[in-house]
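This report refers to the structure that appears directly beneath it.
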Amino acid sequence: MSYSLIFTIAFAAAIVAGLLVKFWLATRQVRHVAQHRGTVPAAFAQTITLAAHQKAADYTIAKARFGLVEMAWSAALLLGWTLLGGLDLLNKLLLGWIGGGMVQQLVLLAAFAAIGGLLELPFTLWQTFRLEERFGFNKMTWKLWLADTLKSTLLGAVIGLPIAALILWLMGAAGQLWWLWAWGAWMGFNLLLMLIFPTFIAPLFNKFQPLDDPTLKERVTALMKRCGFAAKGLFVMDGSTRSAHANAYFTGFGASKRVVFYDTLLRQLNAGEVEAVLAHELGHFKHRHIVKRLIAMFALSLAGFALLGWVSTQVWFYAGLGVQPNMSAPNSALALLLFLLAVPVFGFFVAPLSARLSRKHEFEADAYAVAQTSGTDLSAALLKLYQDNASTLTPDPVFVRFYYSHPPASERLARMTAAA
């Protein structure tokens, strides 16, 4: 049995196994949430109404069922691009039209992204204008959606094509250790994006106004000073123009760090609750979660580039994924696309490890927030956010362990109560 056939079988088996696990988890989630839809959990009976609990259940079930259709379509597209010859056909068409070289490789990447985006567009539109609309979360108009799509496409081309061209050039010109140089370029690119995102990219999509509530500003400033955190500014983002979901986050690093509050968050929470939510985010910095995640990203991306450097020289890698490698033209773009298609298939099975680590970090950030502010305010804020975002209070435990990056409300509040 040839290496290419072995790889084909392994790839197909991983797709089928992953799909079966995803369907099993989704059906467990739907069944568990539906079984508990009729009664508010005892721990929340005094704070969450039955109507809100049932809305969260219905929203969770609707998203899970929509996800079942979407994952089946994604698996079909993956097979179409790989084993059924879609990427091979696209590559040959472009070779015949343009010929080999850098231009053909960049056009291949752009065409792949454009075709993939168009094939997934119906699901994006359905989710935004039907599912989110049905539960009262979508605030985006068709005009705004179209403007965002055009901006994202242009931004992707302006930013993405140059870094893609650099990596493709390194793959062909930097020798056997090209992957090390490409990794360095990729990391530098990501750090640059983190630096410029707050001031140059984010304002293209949202409006940011300085926080003008003097009482809240004073409390937040005092909290950050007490925690030893410095930021360039406190801003309010017009999240309500696109969604009713609420959030707060830090963005940038070094001197460009900003604290950003969604306007929806400020409308839903009082000053003490906002302070507690911010203290939770500060907890991530205090425990160096951001730095740890950056180091993990650096290490994983280095391993990924090293693996790409090896498989890009193996004929079985291309043939096993339904592509005939070019004999008289570079294969760099093909290798890159195939790698990006194949890695998530096998990486899916280690996703629970990442989710578990993320939940651990959330517990640590909660504990820090309780120590710095009021545990009562943090609990109240979390309950409001769970309710306003229609997050179910009764998720399936196995689904949680596999997917949830944040612990469910019952576990978070139980930890806070025990700590108090």
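The values are calculated or read from the model by the stated rules, or taken from the named source; none is laboratory data. Small disclaimer: the values here were computed from a predicted structure and weren't measured. Positions of Cβ are generated from backbone atoms using ideal geometry, with glycine treated the same way; all protein chains shown enter the neighbour counts.
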Tally up the residues in segment 342-369 that are without any contact (Cβ under 8 Å) to a residue 24 or more places away in the chain and in contact with a Phe, Trp or Tyr (Cβ under 9 Å, 6 or more places away or on another chain), please. 0
Being outside any loop (DSSP other than H, G, I, E, B), out of contact with any Leu (no Cβ under 7 Å at 6 or more places or on another chain) and not hydroxyl-bearing (Ser, Thr, Tyr) narrows 381, 418, 369 down to just 418
Residue check, residue 51 hydrophobic (A, V, I, L, M, F, W, C) and either buried (at least 17 other Cβ atoms within 10 Å of the Cβ) or modelled with pLDDT of 95 or more (or both): no
Go over the candidates 147, 164, 110 one by one and state the one that is closer than 21 Å to residue 306 by Cα and either assigned to a helix (DSSP H, G or I) or without any contact (Cβ under 8 Å) to a residue 60 or more places away in the chain (or both). 164
Going by the conditions given, is residue 40 assigned to a helix (DSSP H, G or I) and either surrounded by 14 or more Cβ atoms within 10 Å (Cβ to Cβ) or touching a His at 6+ places or on another chain (Cβ under 7 Å) (or both)? no
Scanning segment 49-61 residue by residue, those touching a helix residue (DSSP H, G or I) at 6+ places or on another chain (Cβ under 6 Å) and of a type in the set (A, V, I, L, M, F, W, C) turn out to be 52, 57, 61
Could you pull out the residue among 175, 160, 184, 156 that is surrounded by fewer than 18 Cβ atoms within 10 Å (Cβ to Cβ) and either on the phi > 0 side of the Ramachandran plot or in contact with a strand residue (DSSP E or B) (Cβ under 8 Å, 6 or more places away or on another chain) (or both)? 175
Test result for residue 84, within 30 Å of residue 320 (Cα to Cα), surrounded by fewer than 18 Cβ atoms within 10 Å (Cβ to Cβ) and within 23 Å of the chain's Cα centre (by Cα): no
Buried (at least 16 other Cβ atoms within 10 Å of the Cβ) and within 24 Å of the chain's Cα centre (by Cα), is that true of residue 114? no
Please list, ordered by first then second residue, the pairs with beta carbon atoms under 7 Å, 6 or more apart or interchain, first in segment 211-229 and free of Cβ contacts under 8 Å to residues at least 40 places away in the same chain, second buried (at least 16 other Cβ atoms within 10 Å of the Cβ) and outside any helix (DSSP H, G or I). 217/211; 217/234
For residue 339, the lone unmet condition from (1) part of a helix (DSSP H, G or I); (2) surrounded by 17 or more Cβ atoms within 10 Å (Cβ to Cβ); (3) in contact (Cβ under 8 Å) with a residue 40 or more places away in the chain is (3)
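Please give the helices (runs of 4 or more DSSP H) falling wholly within segment 239-314 in which 2 or more residues are more than 26 Å from residue 145 (Cα to Cα) and either small (Gly, Ala, Ser) or in contact with a Phe, Trp or Tyr (Cβ under 7 Å, 6 or more places away or on another chain) (or both).
In segment 239-314, 271-286, 289-311 are the helices (runs of 4 or more DSSP H) which contain 2 or more residues that are more than 26 Å from residue 145 (Cα to Cα) and either small (Gly, Ala, Ser) or in contact with a Phe, Trp or Tyr (Cβ under 7 Å, 6 or more places away or on another chain) (or both).
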